[in-house]
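Chemist: Okay, handing you the structure first.
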Amino acid sequence: MRPLPNVTLTDRDLAILYRLAEHEPLTTSELRLLFFDGLRTCQSRLKLLDDARLLCRVYPARSSRGGKGEPLWFLTPHGRRMIGASSRRPPGLSIPDLEHRRAVARFFLGLVERSLSRRGEGLYSWWGETRAAAGVGGGPLRPDGYGRYLLPDGELTFYLELDRGTEPARRVAAKLAAYQQGLANDPERKYANVLLDCHSKRRLANLAGYAPEGPPWTWGTVDGENYELLPDRKQERPFDSLPRRARDPSRHIDNCLGRHWRYARTASTREAA
């Protein structure tokens, strides 16, 4: 086995490792969106972390048209030990598990990309299923993620249930109902949102009647932009008009995902030294 190179990790390197520990795998472009100004700088730094055996890349199967897609980045066992992350099986994952994780990542990263073109907005928090489960009581309910999105006049918090049409409707119904119990003691439950992201309008129509009355409010969407209040679907709102709580002045836009490391000049200066 080749010896490990002597690499001094920056704060940004560690942030990449922690983010992958929670949401792996992520592509090069997605890591660039979260942590870098330019693609070349991103590729160079990821190669260094790869050479240090902290990360490894896996290329998806070639498409029917040929050509190699973007690599998916995973933490190595050495990378997990470096940050004290729990161990897991080697990269590969089952195809359904991988596709589901990729769809969840695309939902949250779509919010990051959206926010960069809007003044006063940003995705402040993105939690994976383990941390999100703790937010709803730590029981058997495991949301696909939790987010806190800052708006100029408030903070929109939500749990994500991403439905790909592979689960029976009654199982989805049980998960949606479990939020009522998991958030029963939340003093601000009237601001709590559960986003049910469906792959088709037909699937959303089939699931709508299984959603409980809020709060917490269950909103169905097929495009991530327009949300229907379930179960009756008589109210429709854009994402930025969903129920939101007052803005906490201690949470700053510059600390949101996709913004913080783009403007953290001290990190880039240390890497160039």
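The values are calculated or read from the model by the stated rules, or taken from the named source; none is laboratory data. Small disclaimer: the values here were computed from a predicted structure and weren't measured. FYI the Cβ positions are ideal-geometry reconstructions off the backbone, even for glycines, and counts take in every protein chain you see. Calculation scope for accessible area: heavy atoms of the full protein, side chains included, ligands and nucleic acids excluded. Shrake-Rupley method; radii C 1.70, N 1.55, O 1.52, S 1.80 Å.
Chemist: Compute the distribution of all C-alpha to C-alpha distances in the stretch 139-273, in bins of 10 Å from 0, and list the percent of pairs in each, rounded to whole numbers.
Modeler: Values per bin, smallest distances first: 11, 38, 28, 14, 7, 2.
Chemist: I've got another one for you. Determine the principal axes of the Cα atoms in the stretch 80-167, then give the extent along each, sorted from largest to smallest and rounded to whole angstroms.
Modeler: 42, 32, 28
Chemist: Largest first, how would T221, T130 line up by accessible area (1.4 Å probe)?
Modeler: T130, T221
Chemist: Further question on the same structure: Full extension from E113 to T166: what is 0.36 nm times the residue separation minus their Cα-Cα distance, to one decimal in nm?
Modeler: Here the segment from E113 to T166 would lengthen by 16.3 nm.
Chemist: Count of lysine pairs in the chain with Cα atoms under 30 Å apart, counting only pairs 8 or more residues apart in sequence or on different chains?
Modeler: Eligible lysine pairs with Cα atoms under 30 Å apart amount to 7.
Chemist: Using a 1.4 Å probe and counting only protein heavy atoms, arrange H260, H23 so the residue with the most accessible area comes first.
Modeler: Sorted by accessible area, descending: H260, H23.
Chemist: Let me ask something additional. Between E213 and R81, what is 0.36 nm times their sequence separation minus the Cα-Cα distance? Round to one decimal in nm.
Modeler: Contour length minus Cα-Cα distance gives 43.1 nm.
Chemist: In Å and whole numbers, how far do the C-alpha atoms of the chain stretch along each principal axis, longest first?
Modeler: Here the Cα extents, ordered largest to smallest, are 60, 44, 38 Å.
Chemist: What is the gain in length, in nm to one decimal, between K201 and R251 on full extension, counting 0.36 nm per residue of separation less the C-alpha to C-alpha distance?
Modeler: 14.4 nm
Chemist: Once both axes come from the Cα atoms, what is the angle between helix 169-182 and the longest principal axis of the chain, in degrees from 0 to 90, rounded to 10?
Modeler: Taking the Cα atoms of the chain, the angle to 169-182 is about 90 degrees.
Chemist: Tell me, what % of the accessible area of the chain is carbon and sulfur with a 1.4 angstrom probe?
Modeler: 49
Chemist: Please list the equivalent ellipsoid semi-axes of the stretch 1-52, computed as the square roots of five times the alpha-carbon gyration tensor eigenvalues, in descending order and whole angstrom.
Modeler: After diagonalising the Cα gyration tensor, the semi-axes are 19, 13, 11 Å.
Chemist: Using a 1.4 angstrom probe with every protein chain in place, what is the largest-first accessible-area order of R262, R131?
Modeler: Per-residue accessible area, sorted high to low, gives R131, R262.
Chemist: Rounded to the nearest 10 Å², what accessible area does H252 have for a 1.4 Å probe in the complete protein model?
Modeler: 100
Chemist: Ignoring solvent entirely, what values of log10 I(q)/I(0) come out of the Debye formula for the stretch 14-167 at 0.13, 0.16, 0.21 Å⁻¹ when each Cα is a single scatterer?
Modeler: Values, matching the q order: -0.67, -1.02, -1.53.
Chemist: Report E167's accessible area, 1.4 Å probe, all protein chains in place, as a number in Å² to the nearest 10.
Modeler: 50
Chemist: From a point 7 Å beyond the Cα of K190 in the direction of its Cβ, which residues of the stretch 236-255 have a backbone N at a distance under 19 Å?
Modeler: Flagged as within label range: 241-248.
Chemist: I'd like the accessible area for E70, computed on protein heavy atoms only with a 1.4 Å probe and all protein chains in place. Round to 10 Å², please.
Modeler: E70 has an accessible surface of roughly 80 Å² with all protein chains in place.
Chemist: Given the DSSP H assignment, sum -39500 (n - 2.57) over each helix run of at least 4 residues in the chain and divide by its residue total; what's the result at 222 nm in deg cm²/dmol, nearest 500?
Modeler: -11000 deg cm²/dmol
Chemist: How big is the equivalent ellipsoid of the stretch 216-263 along its three axes, where each semi-axis is √(5λ) from the Cα gyration tensor, reported in whole Å from largest to smallest?
Modeler: Working from the Cα gyration tensor, I get semi-axes of 29, 14, 7 Å.
Chemist: Test of understanding: extend the Cα→C-beta vector of E99 to 7 Å, then name every residue of the stretch 194-209 with backbone N under 19 Å from that spot.
Modeler: Only 197-204 pass the distance filter.
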